[in-house]
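Below is one structure, written out as structure tokens; the observations come after it.
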Amino acid sequence: MISLLVLACSGGDPTETADTDRSPSSSETTPPTTTSPPPSEPRAVLASPAQAADTDPDPGVVHVQLTAAEHGDGYAYDGQVPGPTIRATVGDRLVVDLTNDLPDPTTIHWHGLSVPFAMDGVTWVEAPIASGATFRYEFPLTQAGTFWYHPHFDTERQVDLGLYGVLVVEDPADPPTDSELVVVLDVPAEVKLANADPHLVDPTGEVTLNGWVDPEIEVPAGSTVRVRLVNASGSRVVWLRDVEQVGSDQGLLPALHAGDVVVAPGDRVDLQWRVAGSFELMEAPYAVAGGPAFGDDARLLSVRATGSGQAPPTPDWGFDGALPSADPGVTDLRLLFTGSPERGWEINGETFPDVTVPTIGLDSEVVLEVRNVSPAEHPFHLHGHHFEVLSLDGAAPAVRTIEDTVQIGIGGVARLRFVADNPGFWMTHCHVLPHADEGMMTVLEVR
Ligand code: C2O
Ligand code: CU
């Protein structure tokens, strides 16, 4: 907070030099500082992470090579944190050859995508990719939206060390915007690397945007920007003030949501900026145990409008205003978030991998109730499927909301519905990575 105030100088040529370890590497961008620079230094300029090259000329196939390797004090995909953004179109086939040059086994999990079980990057049945080995992930992209990829082996440590990237699946029906910005939220590397305490969630302190603290960006006045945000931090909840949200985990919403948005670990949020004048993206304080906290809002980013122009109208996102489905009032499956910081975090009183695996009939419609009876908030995440939120704490959402990650407050209850159309052993867990690592994870078998 203090350094945000100190950093409140603006303008200048982005010529700072900084330690380049663990910084986003994009040829057009300036490396971020990982410590607070003195006030005289110009602020970092925010840019999207560099994109992965598609090596297949077939327009229906996106083929990417990724290498996971040590990078400075951490790990990176292709030497950049966030890793290369993979960009494809719904209907494409995605092929990713992952070479593991790490000293440890690893995997890639495609967060939010309903991939075949063998491609899900989990090690419940299959072995991880050994050090030195290459593995081919290959599957069709059937969902449009903002997704991300990260290891699902030694997850907390490997993600914290820098292994994560964004997967954008475009929908040709979406309106074009003047520009698009991909932003991964995290906490500064040194905060994570110094974090030896597995119970320590980092609810306060600075947030990084693609590696930079409090950067700035120039945008022409009169233009519209689609901002695709991913929260890749292990435990930091980011509460955005006064934004125009157009999409969430599983693509566009049925209506524009104007107001505050809570971005939990694992969550994605698409925003629109209709730029007229300069503005700041602000974050409200969020308490460690969940919910609002005392304190001042903090600036995440300054957007400087260049030139002159009126705020353009909202693009035609094709909002259809779809309403939530009626809750059928039955419950097929119940999960309880249990445990405590002292006892460790659990689901249904069990600690992964010592869990009871329920079986769900293939193609059945499942109403899942997730109740949080533990003294912390938890973002609930389900693999292999996406779900409709029927209600949160008894209230139906204003519009139909399809998610794969949903924050559940203390004493909270989420009623979720999904079609179990993907056979396999699907992990379901809290996306606070220290919690998942401690065992707040279970498995649902669909067959
Ligand atoms: Cu992004 Cu099992 O998680
Ligand atoms: Cu949790």
Of the residues that make up segment 362-380, is at least one more than 16 Å from ligand 1 (Cβ to nearest atom), at positive phi and more than 23 Å from the chain's Cα centre (by Cα)? yes
Which residue is nearest to ligand 2 (Cβ to nearest atom), if the candidates are limited to segment 415-430 and must be farther than 21 Å from residue 145 by Cα and more than 20 Å from the chain's Cα centre (by Cα)? 415
Out of (1) without any contact (Cβ under 8 Å) to a residue 40 or more places away in the chain; (2) of a type in the set (Asp, Glu); (3) closer than 24 Å to residue 401 by Cα, what's the single condition that is false for residue 280? (3)
Could you tell me whether segment 298-308 includes any residue that is in a loop (DSSP other than H, G, I, E, B), out of contact with any Gly (no Cβ under 8 Å at 6 or more places or on another chain) and open to solvent by less than 70 Å² (accessible area, probe 1.4 Å)? no
Tally, over segment 422-436, of residues that are under 14 Å from residue 379 (Cα atoms) and in contact with a helix residue (DSSP H, G or I) (Cβ under 7 Å, 6 or more places away or on another chain): 5
Of everything in segment 249-279, what is acidic (Asp, Glu) and not in a strand (DSSP E or B)? Give them in sequence order. 249, 267
Within segment 106-114, can one find any residue that is more than 19 Å from the chain's Cα centre (by Cα) and in a loop (DSSP other than H, G, I, E, B)? no
Can you say whether residue 182 is away from ligand 1 (no atom under 16 Å from the Cβ), modelled with pLDDT under 95 and not in a loop (DSSP other than H, G, I, E, B), as far as the supplied structure shows? no
Would you mention how many residues in segment 327-347 are in a strand (DSSP E or B) and closer than 19 Å to residue 235 by Cα? 8
Which one of these is in contact (Cβ under 8 Å) with a residue 12 or more places away in the chain, of a type in the set (Val, Ile, Thr) and over 27 Å from residue 324 (Cβ atoms): 405, 351, 442? 351
Mind counting the residues in segment 303-350 that are under 23 Å from residue 446 (Cα atoms) and within 16 Å of ligand 1 (Cβ to nearest atom)? 3
Taking the condition of a type in the set (D, E, K, R), assigned to a strand (DSSP E or B) and over 23 Å from residue 377 (Cβ atoms), does residue 241 pass? no
Selection within segment 214-233 - under 19 Å from residue 111 (Cβ atoms) and either open to solvent by 10 Å² or more (accessible area, probe 1.4 Å) or assigned to a strand (DSSP E or B) (or both): 227, 228, 229, 230, 231
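The values are calculated or read from the model by the stated rules, or taken from the named source; none is laboratory data. From a predicted model like this one, the values you see are computed outputs, not experimental measurements. All Cβ positions, glycine included, derive from the backbone under ideal geometry; neighbour counts span all protein chains shown. The protein model used for the area step is the full one, side chains on, heavy atoms only, and it has no ligands, DNA or RNA in it. Shrake-Rupley method; radii C 1.70, N 1.55, O 1.52, S 1.80 Å.
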